[in-house]
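Structure first, then comments.
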Amino acid sequence: MNKLRYFLLLPALLCTSSAFAERTFKWVDNEGHVHYGNRVPPEYAKQERKVINERGRTIQVYDAAKTPEQWEKQQQLKEEAARNKVLAEKQAVQDRSLLATYSSEQDMLLAKNSKIASVDALLHLTNSRIVSMQERLHKLTEEAATYERSGKALPLSLKSQLENLRKQITTNEAFIKKKELERTAINNQFDADIARYIELTADIPDSRPAKERHAQIQTAKNRQQLDLSRNDQLLLTTYKEESDLILTRDQKLSSLDELIVLTQSRLQSLQIEMDELSDNADEYESRNKKVPEGLQGRMKNVLENIQQGEQLIILKQQEKKQLEQQYNEDLKRYRMLTTR
């Protein structure tokens, strides 16, 4: 009986399965009317159409065929997305570099002023060279005029000097223009980097609010626009309090002291080694034997290291003395600048 029922229901089941297997499309005609069917008319084949299931839910969407303008727009969006991705990756690298290089925006200001100071030094030196060359050119031009007034031919050496001086002046003037552009670029880049650094570190616990930090940077920039020396600008932008300046001084002096002590200790070791080598050499000479070249080479190297160490100690002691004098002057200047 059960088998009979199964065979009676089988045709209906097959019809139902066949109906479910066929896709039902949903589309909208030109007048805005919604249609359903197993096939989409050819005139609507390039429009958006949807596939729905037996419950009326959309299971697939076929987009409308794009016009040439739409294809072009899509391509532009893809290219723009690719460019934005490259820029984002580059920005991420720059952000990591900023955070790894600097511990505060004051460090960045110090680095900025240091770079600008280097460019300014080159500009000053180059301007001085131009002035000297122009003075020399003026003298040679007067000398050449003397030859012309007397009707004599201009010596080749004098003519060559004039040409070389003019070329050098032109070259140095071009160098100044290049360095001035570089100085502007350094300023702009550091300003942008400092603003970005404040954004990146704004959420760090215990950090001052971004608004306050921006205000401090602006105050430092305003100070730089006053008639302050470069050292004044460095002092004001680098040190928040006098104690910071004293701490930096003590750390640098301590580092110099450590280097001097280490060098002195190394010199003692080298001197002991030199004494041992000298004893070996004396032993060879007492036997009327030639001192081996290897021993002579070692003695020479040790002696050179001793001389270099002694020179280093002298230089570092001089540097320490100059540093002490400079920081004493900086402390006096800082107190004057910060006195209200």
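Summary of computed values
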read-out	value
Residue within the stretch 109-127 that is among the charged types (D, E, K, R) and either within 20 Å of Thr171 (Cα to Cα) or touching a Leu at 6+ places or on another chain (Cβ under 7 Å) (or both) present	yes
Selection within the stretch 119-141 - surrounded by fewer than 13 Cβ atoms within 10 Å (Cβ to Cβ), among the aliphatic types (A, V, I, L, M) and under 20 Å from Gln161 (Cα atoms)	Val131
Residue in the stretch 132-152 that is of a type in the set (Lys, Arg), more than 30 Å from Asn231 (Cβ to Cβ) and not in a helix (DSSP H, G or I) present	yes
Residue in the stretch 101-108 that is of a type in the set (A, V, I, L, M) and modelled with pLDDT of 80 or more present	yes
Among the candidates Gln322, Gln318, residue that is surrounded by fewer than 15 Cβ atoms within 10 Å (Cβ to Cβ), at pLDDT 90 or above and under 30 Å from Met108 (Cβ atoms)	Gln322
Top-ranked residue in the stretch 36-49 [being more than 10 Å from Arg23 (Cα to Cα) and charged (D, E, K, R); ranked as surrounded by the most Cβ atoms within 10 Å (Cβ to Cβ)]	Arg49
The listed residue being of a type outside the set (Val, Ile, Thr), in the same structural domain as Lys115 (by TED's automatic domain parsing) and modelled with pLDDT under 90, out of Leu277, Leu234	Leu234
The stretch 250-276, residues that are touching a residue at least 24 places away in the same chain (Cβ under 8 Å) and within 19 Å of Ser103 (Cα to Cα)	Lys252
Selected residue (only one of Val291, Val261 is of a type in the set (Val, Ile, Thr), outside any helix (DSSP H, G or I) and farther than 30 Å from Ser229 by Cβ)	Val291
Members of the stretch 36-75 that are part of a loop (DSSP other than H, G, I, E, B) and among the β-branched types (Val, Ile, Thr)	Val40, Thr67
Test result for Gln251, modelled with pLDDT of 90 or more and not assigned by TED's automatic domain parsing to the domain that holds Glu105	no
From the options Asp203, Asp193, residue that is surrounded by 12 or more Cβ atoms within 10 Å (Cβ to Cβ), at pLDDT below 90 and among the charged types (D, E, K, R)	Asp193
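The values are calculated or read from the model by the stated rules, or taken from the named source; none is laboratory data. Every value quoted in this text rests on a predicted model; they were computed, and no experiment measured them. FYI the Cβ positions are ideal-geometry reconstructions off the backbone, even for glycines, and counts take in every protein chain you see.
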